[in-house]
Amino acid sequence: MAIPRLYCPERLAPGTVLALPDKAAHHATRVLRMRAGETIILFNGDGLDYQAEILRIGKDGVTAKVRSSHATARESPLHITLAQAISSGDRMDLTLQKAVELGVAAILTLATERSVVKLSGERAERRHEHWQSVVASACEQSGRAIVPPVSPPVTLQNWLGSRPEFAHRIMLSPAANQSLHHLPAPTGPVCLLVGCEGGFSPPELGMAESCGFIPVRLGARVLRTESAALAALAAMQTLWGDF
């Protein structure tokens, strides 16, 4: 049985004794039914896994001691930033979760003209925190020790106006004339731009192209937003990455 991995955004080092964060403690005791003396793997996003022993489980929490640390080798050779238009309900969670499993390095969340979900103020902050939690949980499952950052929501127009710098810019568009395999292998950071349920509006497509985004299609079929992002990431890993 694999040793459970838990996200613990604390300073970790061999010999450290610490109280597990509430979410990690709940998962270890209520979900996994672990006991004192058992071994867990902790990670905080610095690229290392920390093997730890549960010392005590009580009503006030779970205490563990870090015994050792080691580097992991689960990051993709491709540095892909997913610029994802915000979709509704579980679609966005699914997209972020699976994008992490597929090796994405960072995630930008974008509000577009056709986005069904409109976020601002406190609601936007809550969703951002939730998405970052989804990403951390996906790292627990997939074995990644580096947690991809999720940006707070920003409008596509404002983001493009900031002239984001990437060596390669790719945008999914069912109307495009070329596919991923027509593009040369990337030699630097890649940004993959994906629309929401209704896709990008014509003005948004024009803005993105003027900023250097190359439109590509994924076969002859129109994919849903959550399918499109994941299919593109899997194809990129197959063509140029570690699949």
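Estimated at 0.36 nm per residue, the fully extended path between E122 and F243 surpasses their Cα-Cα distance by 39.6 nm.
Give me the net charge for the shell around E197: Cβ to Cβ below 11 angstrom, other residues only, Lys and Arg +1, Asp and Glu -1.
On the way: positive: R91, R114, R224; negative: E226.
It works out to a net charge of +2.
Averaging 1/r across all pairs of distinct Cα atoms in the chain and inverting the result yields a Kirkwood radius of 19.3 Å.
Given Cβ point charges of +1 (Lys, Arg) and -1 (Asp, Glu) and nothing else, what value in debye, to the nearest 20, does the dipole of the range 5-71 about its Cα centre take?
Values: 10 positive and 7 negative charges, 51 e Å.
Dipole magnitude for the range 5-71 comes out near 240 debye.
Efficiency by 1/(1 + (r/R0)^6): what FRET value for T39 and A167, r their Cβ-Cβ distance, R0 = 35 Å, to the nearest 0.05? List each step's numbers first, then the result.
Numbers: r = 41 Å, r/R0 = 1.18.
The calculated FRET efficiency here is 0.25.
Find how much the distance from N177 to R221 grows on full extension, using 0.36 nm per residue of separation minus their present alpha carbon separation; answer in nm with one decimal. The partial results should precede the final answer.
Details: separation 44, 0.36 × 44 = 15.84 nm, distance 1.32 nm.
Value of the extension gain: 14.5 nm.
Considering only the Cα atoms of the range 144-210, their convex hull presents on average a projected area of 6.3 nm². Net length available on complete extension from H130 to V31 is 33.7 nm, with 0.36 nm assigned per residue and the Cα-Cα distance removed. Between the range 149-185 and the range 108-142, the C-alpha centres lie 18 angstrom from each other.
With the charge dipole of the chain set up from +1 on Lys and Arg Cβ and -1 on Asp and Glu Cβ about the Cα centre, the Cα lying farthest toward the positive end among the listed residues T109, I54, A85 is that of I54. If the limit is 29 Å between Cα atoms, which of K98/K118; K59/K118; K59/K98 go over it? Flagged as over cut-off: K59/K118; K59/K98. When the trypsin sites (Lys or Arg not before Pro) in the range 17-62 are filtered for DSSP coil states and for at most 16 other beta-carbon atoms within 10 Å of their beta-carbon, the remaining sites are R33, R35, K59.
How high is the FRET efficiency between R74 and E209 when r is their beta carbon distance and R₀ equals 25 Å, given to the nearest 0.05? Intermediate results must be reported in sequence, preceding the final value.
Details: r = 34 Å, r/R0 = 1.38.
Between R74 and E209 the formula returns 0.15.
Counting Lys and Arg as +1 and Asp and Glu as -1 over every other residue whose Cβ lies under 14 Å from the Cβ of T155, the net charge comes to 0. For K23, a cut-off of 20 angstrom between C-alpha atoms picks up these aspartates and glutamates, skipping any fewer than 8 places away in its own chain: E10, E38, D46, D49, E53, D60, D93, E125, E129, E140.
Computed from point charges on the beta carbon alone (+1 for Lys and Arg, -1 for Asp and Glu), the dipole magnitude for the range 80-240 about its Cα centre is near 240 Debye.
At a Förster distance of 45 Å, what's the computed FRET efficiency of L55 paired with R114, Cβ-Cβ distance as r, to 0.05? Walk me through the numbers before you get to the answer.
Values: r = 52 Å, r/R0 = 1.16.
About 0.30, to the nearest 0.05.
Fewest neighbouring Cβ atoms within 10 Å first, the residues M236, M207 line up as M207, M236.
Here, each number is a calculation from the coordinates, and none is a lab measurement. These numbers come from a predicted model, not from an experiment. For neighbour counting, all protein chains shown are included, and Cβ atoms are generated from backbone atoms with ideal geometry for every residue, glycine included.
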